[in-house]
Amino acid sequence: MSRSPSFRVKTEVSPNVDSESLKQWVIAFCAIRFDLEQGQLVEECYPQGVLSHDQELEIAYSSFPDSVSQHQNRSSIHDCIFFFRICRQSFKPRIGNAIGSSHEGRKVDSSEYLYGYVFNRQRHDERLKRGGEQKSVVILSHCPYSSVFRPLLQIVGPLFFDIGKKALEHIAAYVSKWPPPVPGQVMDLPIGNATLKVSLPPALSLPLESGLPLEESAVPFLANNNNQSVLQGLFHDSDVFGSFRGLLLQLWLLWELLLIGEPMLIIAPTPPQCCEAVASLVSLVAPLLCSVDFRPYFTIHDPVFARLNSIQEGESFPPMILGVTNLFFLKALRNIPHIVSVGSPPPNSNRLPLSSRSSTGRVSGKPEGLGIQQLSLRKFSPSSLLNAVKMRRDGPLCLMTEHKEAIWSTYSATTKPDTSILNRLIDAGLSPRVEESMSVVNNEILRRHFIELTTNFLAPFSPYFRTTMPLEGSSPYTDPPSLPPFDANEFLASLSARGPGKFILKRMKSNWLDLYRRFLNGPNFMPWFQRRRAVSVQEQERLWRQARIKTDIHQLISKFSEVEIVDSFNVIERLLLKEMQMQQSGKGGDDSMVTSQKLRGDLQAVFNVLSKDMQQIMLSNPQRASLLDESPLIQVEVASSTSPPR
């Protein structure tokens, strides 16, 4: 992001907001205050009237940390940014100020989930009741565009505390002038005297409920050699290294748990830390579409909590990733099979941090590699062995008294940690500036590796997405062949015989086939598979349309018999009608008009070589006659053939 040191708006000028354009990015901007007597209150909402009272209440509950942070300076201001994801349920537009459909016929209110991006400010002041106050500025959206809304919060949050409600109105006006979001592209989004340069995740990585079209070709998921950055997936800007620095050896276990859709509880001391951890975890499985219900910041006020709290011993937990800060969840959701503790407590927190990180063996000094020896240093010491035994005996409830970075899970991973990747990671020592730049490097190393791992894991499914083109010299005026049918048992049998490839065999144990079986039965496979198939079908149709545009119809039909010519006429007619219907419904592509004109010309060309008797039969259908009515040549022939004999 590039922006000026000071951000200014002309508050004396009334902002002009294009509500339809605004809906493509933002549902509403809210300002929420924590009142000691009444609880969370939505003070401002812009545009007004888009949320009901119940909706405002649910959003308000998710917009504050579970506890006020403690700082040595009692007269201080503490800002933090995090985000949440809640079920929309009845989040439909209210009459009068409805959030309708956006450009190009895409409905933005069809999302199953709502994303809230929060700028929270806690002001500590002993003169106030309970020693302080807190407010939150929230951006509500149907899109998980953290790369857009996090930097936007850095502008609108402080601006709201500067000029109040006018900040929301002016920022909304700027956002409404943005072009429509283009998934998978880098966009420059102007906002006052600032410009947000953001990369949007590709459409195939966005959750199914986002309501986005599938017009994305099957591009490679790894960046080319000339580009040092990794092609983005969902939450590609998250800090994987920073979130799991104390658990780097366990990243492959976490990747596998998310791959097969196992439920996980991610617990951290603060909302920003648990949000970052959940987002980082979701990003690990790119380019796989993550269909697990992930909640970056989950509270007991979420309506889903009552259902989760009622799960009895022995009942299966739904596939969810819950990011929490409230230790009450350790008891309330004790049936969840995998618990991950990340992050470090803030200064003067009631929970005590460990004297050193659990698995990094971090040392100060100049940057150097985080070798596997360092990562495993504590593993072989007597004290760490005793701590490990104690942690296993006490379980995750030991977090009630002392915060630890740890994982509690009985799952035995098939994927082995890649020590060569860990040895490439850099430890920045104690310098914050160096640490930030080194985190960027480490994140790219980790993200590139896991994209490569996921891509190779999914590679055996590629034959089911393979597109075909018309053979040279053959007619493209037929329906493209169907993609190969998929049968899970046949796939597993075939995979068992041929193997998943050297990359996977080198990094997984001998029971790798069980991992594929779990993946097929998990919540991620079928949504990803169906979406990839839909993209492949669209790509194949595009290739065949291009082949029809390039085909010389006169040269093609010169080799045909009359029966083949009649068949070609019927096929071209059907293809032309289909193209016209797509145009009328607004689903036609950029080349739809060109395709229609070419098919209409081909239809007339085929008609012209038919016998007079066959032409009469063809023209007996009024709809068919209307398709041929635009050519002057055809009109003459029609007139001469239908006029009474002299």
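The values are calculated or read from the model by the stated rules, or taken from the named source; none is laboratory data. Please read all numbers here as calculations on a predicted model, not as lab measurements. In this analysis, Cβ positions are derived from the backbone assuming ideal geometry, glycine residues included, and neighbour counts consider all displayed protein chains. We work out accessible area using only protein heavy atoms, side chains counted, and drop any ligands, DNA or RNA first. Shrake-Rupley method; radii C 1.70, N 1.55, O 1.52, S 1.80 Å.
Every residue, every condition in (1) more than 13 Å from Phe461 (Cβ to Cβ); (2) touching a strand residue (DSSP E or B) at 6+ places or on another chain (Cβ under 9 Å); (3) modelled with pLDDT of 95 or more, yes or no:
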residue: Thr478; (1), (2), (3): yes, no, no
residue: Pro481; (1), (2), (3): yes, no, no
residue: Leu495; (1), (2), (3): no, no, yes
residue: Gly501; (1), (2), (3): no, no, no
residue: Trp512; (1), (2), (3): yes, yes, yes
residue: Arg518; (1), (2), (3): yes, no, yes
residue: Ala534; (1), (2), (3): yes, no, no
residue: Glu539; (1), (2), (3): yes, no, no
residue: Arg542; (1), (2), (3): yes, no, no
Exercise. Among (1) in a loop (DSSP other than H, G, I, E, B); (2) more than 16 Å from Phe457 (Cα to Cα); (3) open to solvent by 10 Å² or more (accessible area, probe 1.4 Å), which single condition is Thr299 missing?
Worked result: (3)
For this session: Kindly indicate the residue of segment 181-202 that is in contact with a Lys or Arg (Cβ under 9 Å, 6 or more places away or on another chain) and under 29 Å from Thr454 (Cβ atoms) and also most open to solvent (accessible area, probe 1.4 Å) among those meeting that condition.
Result: Val186
Seminar exercise, completed: For segment 529-543, the count of residues that are out of contact with any Phe, Trp or Tyr (no Cβ under 9 Å at 6 or more places or on another chain) and open to solvent by less than 40 Å² (accessible area, probe 1.4 Å) equals 4
Exercise. Within segment 244-297, which residues are within 14 Å of the chain's Cα centre (by Cα), of a type in the set (Gly, Ala, Ser) and over 17 Å from Phe525 (Cβ atoms)?
Worked result: Ala279, Ser280, Ser283
For this session: Return the only residue of Phe503, Phe491, Phe450 being surrounded by 18 or more Cβ atoms within 10 Å (Cβ to Cβ), of a type in the set (Phe, Trp, Tyr) and assigned to a helix (DSSP H, G or I).
Result: Phe450
Exercise. Which one of the conditions (1) in contact with a helix residue (DSSP H, G or I) (Cβ under 9 Å, 6 or more places away or on another chain); (2) over 12 Å from Leu599 (Cβ atoms) does Glu579 fail to meet, given that it meets all the rest?
Worked result: (2)
Problem set entry | Residue among Pro345, Pro382, Pro353 that is farther than 30 Å from Gly233 by Cβ, under 30 Å from the mean Cα position of the chain (by Cα), at pLDDT below 85 and not charged (D, E, K, R) | Pro345
Problem set entry | Out of Leu495, Leu515, sole residue that is within 21 Å of Val285 (Cβ to Cβ) and without any contact (Cβ under 8 Å) to a residue 40 or more places away in the chain | Leu495
For this session: Provide a single number: the residues in segment 164-195 that are over 18 Å from Cys143 (Cα atoms) and among the basic types (Lys, Arg).
Result: 2
Exercise. When you look at Val50, is it under 28 Å from Glu276 (Cα atoms), at pLDDT 85 or above and not polar (S, T, N, Q), yes or no?
Worked result: no
Exercise. Taking the stated definitions as given, is Phe294 crowded, with 24+ Cβ neighbours inside 10 Å, at positive phi and not in a helix (DSSP H, G or I)?
Worked result: no
Exercise. Under the condition of being closer than 27 Å to Lys578 by Cα and open to solvent by less than 50 Å² (accessible area, probe 1.4 Å), which residue from segment 455-466 is nearest to the chain's Cα centre (by Cα)?
Worked result: Phe465
Seminar exercise, completed: Residues of segment 162-171 being outside any loop (DSSP other than H, G, I, E, B) and out of contact with any Pro (no Cβ under 7 Å at 6 or more places or on another chain), in sequence order, are Asp162, Ile163, Lys165, Lys166, Ala167, Leu168, Ile171
For this session: Return yes or no: is Arg600 of a type in the set (Lys, Arg) and surrounded by 15 or more Cβ atoms within 10 Å (Cβ to Cβ)?
Result: yes
Exercise. Residue check, Glu262 against (1) surrounded by fewer than 24 Cβ atoms within 10 Å (Cβ to Cβ); (2) assigned to a helix (DSSP H, G or I); (3) at pLDDT 95 or above, all met but one. Which one?
Worked result: (2)
Seminar exercise, completed: How many residues of segment 151-168 are under 18 Å from Ile27 (Cβ atoms) and under 28 Å from the mean Cα position of the chain (by Cα)? The answer is 5
Seminar exercise, completed: Within segment 554-576, restricting to residues that are touching a residue at least 24 places away in the same chain (Cβ under 8 Å) and open to solvent by 40 Å² or more (accessible area, probe 1.4 Å), the one that is farthest from Gln615 (Cα to Cα) is His554
Problem set entry | Meets criteria (out of contact with any helix residue (DSSP H, G or I) (no Cβ under 9 Å at 6 or more places or on another chain) and under 22 Å from Leu446 (Cβ atoms)) for Pro272 | yes
Exercise. When you look at Ser631, is it surrounded by 13 or more Cβ atoms within 10 Å (Cβ to Cβ), within 23 Å of Trp544 (Cβ to Cβ) and modelled with pLDDT under 85, yes or no?
Worked result: no
